[in-house]
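Since the structure comes first, as structure tokens, the remarks are kept for the end.
Please treat every number below as a calculation from the coordinates, not as lab data. Here the structure is a predicted model, which is why all the values come from computation and not from measurement. For neighbour counting, all protein chains shown are included, and Cβ atoms are generated from backbone atoms with ideal geometry for every residue, glycine included.
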Amino acid sequence: MSHITAKKGYESLVVRLNKYPQGAPPSENLYKILKMLFSEEEARLVAQLPIRPFEIATAAKRWSMSHAEASRVLEGLAKRAVLIDIYKDGKVFYVLPPPMAGFFEFSMMRTRGDIDQEMLAKLYYEYLNVEEDFVKELFCDTQNSFIRTFVNESVLTTNDAVTILDFERASHYIETSEHMGISMCYCRHKMEHVGKACDAPMDICMTFGTVADSLIRHGHARRVDKVEGMEKLHEAYENNLVQCGENMKSGLSFICNCCGCCCEALLAQKRFGNLQPIETTAYIANISDSCVDCGRCVGACPVDLIQKNEHVEILEDLCLGCGVCVQATKCKSLTLKKRGTRILTPENSVHRAVLLAIDKGKLQNLVFDNDALYSHRAMAAILSAILKLSPVKRAMASDQMRSHYLVKLIEVLGYK
């Protein structure tokens, strides 16, 4: 196959991408995508970058080039949204995001002439929608989904609206994020180029925090305030779109407003729902005894979980609890109710990355990520996340790293 004979730079980049929990299985289409996004020399350089955020000096040392030259290369990659540049405490840090949610999407979040977006969209479609390896690896090969659903707040009862937690509300991130950007929906933009797009709003993809700040500065997103952000959220509600975002409580980088026909996550839910590719909300759709089986709600669910045989039924085991069916039908017999089981959400990006890494057998890549051992902050953050895990998860982490140090640390600190 052609990917076996790919040039060394791209081979090294694929290896680097797959060190992170959200990797990219090799395929001929993946190599074609990377060749459109990176020159061979850029691929060779990016393959040497750490997993954790790094400063210019780190790249310069790895690349054996001057600080000024490394800065020029990094800035060029950040302008194309291949890297994210983060300004903090008077310093600039860079990080290579995963392919998804990351630089795959960023390449299609605006119209641009420096790459052939039609060709790129067709490659994405083949790699993500026709081939199954990437989607299964991303959404299904873990007990801890990297993406979760937000409930449609407009359909909650008064009691639920009072008791819902902040991190369960998309509006919370809109109202509190320091930076917020709006971009073109990657999924619908991609589908538009392959003739499969729907008529849902296009300019409605939400990014937050340092990722939004980087995308805004380089023209890949438009800065909005919380007022316009809330208007966009209600526009999404009115168009029966599902809010899907990172599966963690704090530091979210994105919330997508997804349709069931174009969105990668919702399409994965349709194909592999029994593997729970998306974490649910704390709610579940419920049909009351007052239902007259009119069937108006059939087809309202974005992942096709409402069916009518003798009676209207909801496949509750697969329900995301998004509330779109309630919004779409306005039927009094269709409501949301609290789930009987508690939904556990990772605290932040480190906690989530550790859980995913444990599931995928890649924890050692996070802990021994090049210079990570020399950074007390990086090691402290990783170990803090490990110590919050359940005993079973901690045992898995220890087995993967074969580290007496971690075992002893857990024992000494009393996390048994």
| field | Positive minus negative residues near E69 (Lys, Arg vs Asp, Glu; Cβ under 14 Å) | value | 0
| note | Karplus-derived 3J(HN,Hα) from phi for the range 195-208 (6.51 cos²θ - 1.76 cosθ + 1.60, θ = phi - 60°), whole Hz, x at Gly and Pro, runs x, 10, 6, 9, 9, 5, x, 8, 8, 8, 7, 9, 10, 9
| query | Which value in nm describes the separation of the simple spin-label points at I343 and K35, placed 7 Å from the Cα toward the beta carbon? | reply | 4.2 nm
| Over all pairs of distinct alpha carbons, what does the Kirkwood formula give as the hydrodynamic radius of the range 22-107, in Å? | 13.4 Å
| request: Pop out the ³J(HN,Hα) list for the range 300-317 in order, Karplus 6.51 cos²θ - 1.76 cosθ + 1.60 with θ = phi - 60°, rounded to Hz; leave Gly and Pro as x. | output: 6, 6, x, 10, 6, 9, 10, 10, 10, 10, 6, 9, 6, 9, 10, 6, 4, 4
| field | 5 angstrom amide H check on F254, placed H, neighbours 5+ away | value | F208, E246
| query | Which listed residue (C256, L387, C322) has the Cα farthest towards the positive end of the charge dipole for the chain, taking +1 on Lys and Arg C-beta and -1 on Asp and Glu C-beta about the Cα centre? | reply | L387
| field | Debye, to nearest 20: dipole size of the chain, +1 on Lys, Arg Cβ, -1 on Asp, Glu Cβ | value | 1040 debye
| request: Using Cα pairs closer than 8 Å and at least 6 residues apart in sequence, work out the relative contact order for the chain, in percent. | output: 15 percent
| said: Looking at the chain only, what percent of DSSP beta bridges run antiparallel? Nearest 5 please. | reply: 95 percent
| query | For the chain, what log10 I(q)/I(0) values come out of the Debye formula at q = 0.08, 0.09, 0.10, 0.15 1/Å, with one point per alpha carbon and no solvent? | reply | -0.45, -0.57, -0.71, -1.54
| query | What residues qualify as long-range amide H neighbours of I204, i.e. H under 5 Å apart, gap of 5 or more or another chain, H built at 1.01 Å from N? | reply | S183, C185
| remark: Any lysines whose Cα falls less than 28 Å from that of K388, other than same-chain ones fewer than 8 residues away, would be K19, K88, K136, K249, K338, K360, K362, K408, K416
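Can you sort I84, I182 so the residue with the fewest Cβ neighbours within 10 Å comes first?
Starting with the residue having the fewest Cβ neighbours, the order is I182, I84.
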| said: Quick one: 3J(HN,Hα) in Hz for the range 112-122, Karplus 6.51/-1.76/1.60 with θ = phi - 60°, rounded, Gly and Pro as x. | reply: 8, x, 7, 9, 7, 5, 5, 5, 5, 4, 5
